[in-house]
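The values are calculated or read from the model by the stated rules, or taken from the named source; none is laboratory data. Treat the numbers as computed from the prediction; the structure is a model and nothing was measured. Glycine also receives a Cβ, built like all others from the backbone with ideal geometry; neighbour counts cover every protein chain displayed.
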Amino acid sequence: MKVKAVILAGGEGTRLGTLTAKRAKPAVPFAGKYRIIDFTLSNCVNSGIFDVLVLTQYRPHSLNDHIGKGRPWDLDRSFTGGVQILQPYKGRFDTDWYAGTADAVTQNLNFVRQGRPEYVLILSGDHIYQMDYSLLIDFHREKNADATICTIQVPLDEANRFGIVDIDNEYRIRDFVEKPANPPGNLASMGVYVFNYNVLEKMLREDDENPDSNNDFGKDIIPTMIRNQMRLFAYAYTGYWIDVGTVEAFWEAHMDLLASPPSLNLNDRTWVIHTLSEERPPVRINAGAIIKDSLITDGSTISEDALVERSVLSPGVFVGPGAVVRESIILNDAYIEAGAVVERCIIDKIAVIGKGARVGQISDMGDLGITSIGKNTYIPPGYTVGRNVVLGTDLGEVDFAQFDEKTIPQGTRLNRKKKTD
């Protein structure tokens with residue numbers, strides 16, 4: 001049985017704000033030491049699938065650097081299988097980029113066909129979950145299906161974010177509605193599909209010839225298969241799964257890791273999440289520092305009398321003397337200077353929070369009020385940055401001079417002004 005996995009990893013991820021200003025969504029750091037795409041890649045190899053295509057598009061450089069030849073996932077194979085990273089190649093212009101998820105696979109059918117796979121897994125590179133795809137393949141074969149969609153129950157008030165599936169008693173799909181304004185149910189597609197290869201190629205070629213198509217699996221391929229009464233089934237997944245496509249979901253997924261017990265067990269040695277690890281020294285925790293319910297990654301330093309509570313610190317983070325970090329996600333090499341207070345924030349790489357500054361706030365005002373600080377941004381000493389603020393990349397003292405009394409108000413959105421010709 002030959003199975004090929006195709007990971008769609010070209011997402012721009014605009015709803016993640018500053019986190020995707022300089023990287024694709026699957027390349028966003030997660031849980032201290034990982035990237036989001038590590039979970040899908042690890043699911044593949046842990047399921048015995050070693051033939052993997054990764055389709056990139058938006059700002060692929062950090063993703064390419066991270067995956068490389070695939071050695072951390074045992075995907076550095078020269079002859080059979082391994083990982084290939086593919087970018088759009090149809091033309092020279094942005095208009096030749098992938099029109100939709102189905103078009104991304106259509107443009108790369110020559111690579112999908114290599115090795116003559118019997119089944120093709122279509123996966124998203126921006127979801128957090130642990131799943132044995134071999135069980136999905138077994139279900140697909142038992143049902144003699146043309147295609148199978150992984151599904152999960154979601155809260156009804158969030159169902160309009162997903163494709164909603166209606167099934168019969170045999171799990172055969174009767175109807176599918178993509179992101180309905182008024183969802184008829186809450187059984188949602190996870191964006192994980194398995195196709196018989198011959199069915200996939202037929203559907204993609206017909207879709208490519210349809211000038212009215214969006215060239216998308218959810219909007220076009222799946223509804224067409226239902227109309228044609230093809231054998232389309234739903235596989236019920238009951239584990240932890242989250243689409244970290246928004247700042248709120250990204251933050252909540254990290255808080256889930258800090259729960260007791262965590263919603264996702266990263267310590268499960270039977271299902272290791274592999275990654276490209278950095279060479280960093282051990283964590284240093286100085287006298288008087290207090291750490292509660294947190295994940296601290298190699299190379300971090302927690303100075304004397306600092307407090308880190310319900311937070312995730314990535315490699316190389318520095319927390320200065322007497323500084324406070326609560327309910328926050330701090331990415332690589334960020335620097336929290338002495339006496340600074342960081343609450344309910346996402347701080348991107350090599351950002352600096354100046355001495356005595358206060359950034360974000362935990363409050364019961366009806367929303368999470370997460371404050372995001374972009375990569376390489378410098379918050380000067382003594383500044384106060386309110387709740388629900390988004391500060392872009394590469395900002396510094398000159399960019400904040402417009403704010404009176406060193407206060408950046410709640411809800412502010414600020415990016416560096418682009419130079420004009």
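Odds and ends about this structure:
- Scanning the stretch 188-202 for residues that are out of contact with any Cys (no Cβ under 9 Å at 6 or more places or on another chain) and either farther than 23 Å from residue 127 by Cβ or not small (Gly, Ala, Ser) (or both) turns up 195, 196, 197, 198, 199, 200, 201, 202.
- Qualifying residue in the stretch 196-219 (condition: under 26 Å from the mean Cα position of the chain (by Cα) and among the β-branched types (Val, Ile, Thr)): no
- Restricting the stretch 181-218 to residues that are acidic (Asp, Glu) and either farther than 18 Å from residue 98 by Cβ or without any contact (Cβ under 8 Å) to a residue 24 or more places away in the chain (or both), the residue that is surrounded by the fewest Cβ atoms within 10 Å (Cβ to Cβ): 212
- Subset tally (residues that are closer than 21 Å to residue 10 by Cβ and among the small types (Gly, Ala, Ser)) for the stretch 115-136: 2
- Any helices (runs of 4 or more DSSP H) falling wholly within the stretch 101-149 and containing at least 2 residues that are under 14 Å from residue 234 (Cα atoms): 133-142
- Residue in the stretch 279-302 that is free of Cβ contacts under 8 Å to residues at least 40 places away in the same chain, out of contact with any Pro (no Cβ under 9 Å at 6 or more places or on another chain) and among the polar types (S, T, N, Q) present: yes
- Selected residue (only one of 94, 157, 132 is surrounded by fewer than 17 Cβ atoms within 10 Å (Cβ to Cβ), assigned by TED's automatic domain parsing to the domain that holds residue 253 and modelled with pLDDT of 95 or more): 132
- Looking across the stretch 261-278, the residues that are among the charged types (D, E, K, R) and either without any contact (Cβ under 8 Å) to a residue 24 or more places away in the chain or over 19 Å from residue 130 (Cβ atoms) (or both) come down to 269, 278.
One line per residue, one yes/no per condition, for (1) at pLDDT below 95; (2) outside the structural domain of residue 126 (by TED's automatic domain parsing); (3) on the phi > 0 side of the Ramachandran plot; (4) surrounded by 21 or more Cβ atoms within 10 Å (Cβ to Cβ):
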| position | (1), (2), (3), (4) |
| --- | --- |
| 141 | no, no, no, no |
| 151 | no, no, no, yes |
| 161 | yes, no, no, no |
| 171 | no, no, yes, no |
| 179 | yes, no, yes, no |
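- Any hit, the stretch 395-415, residues being β-branched (Val, Ile, Thr) and within 23 Å of the chain's Cα centre (by Cα): no
- Selection from the stretch 328-353 of residues that are assigned to a loop (DSSP other than H, G, I, E, B), buried (at least 22 other Cβ atoms within 10 Å of the Cβ) and touching a Phe, Trp or Tyr at 6+ places or on another chain (Cβ under 8 Å): 334, 344, 351
- Every residue from the stretch 300-319 that is in contact with a Ser or Thr (Cβ under 9 Å, 6 or more places away or on another chain), surrounded by 20 or more Cβ atoms within 10 Å (Cβ to Cβ) and not hydroxyl-bearing (Ser, Thr, Tyr): 308, 312, 313, 315, 316, 317, 318, 319
- Annotation note: of 58, 34, the sole residue that is hydroxyl-bearing (Ser, Thr, Tyr), buried (at least 22 other Cβ atoms within 10 Å of the Cβ) and either closer than 15 Å to residue 10 by Cβ or touching a residue at least 40 places away in the same chain (Cβ under 8 Å) (or both) is 34.
- Test: residue in the stretch 383-394 that is part of a loop (DSSP other than H, G, I, E, B), within 20 Å of residue 285 (Cα to Cα), touching a residue at least 12 places away in the same chain (Cβ under 8 Å) and not aromatic (Phe, Trp, Tyr): no
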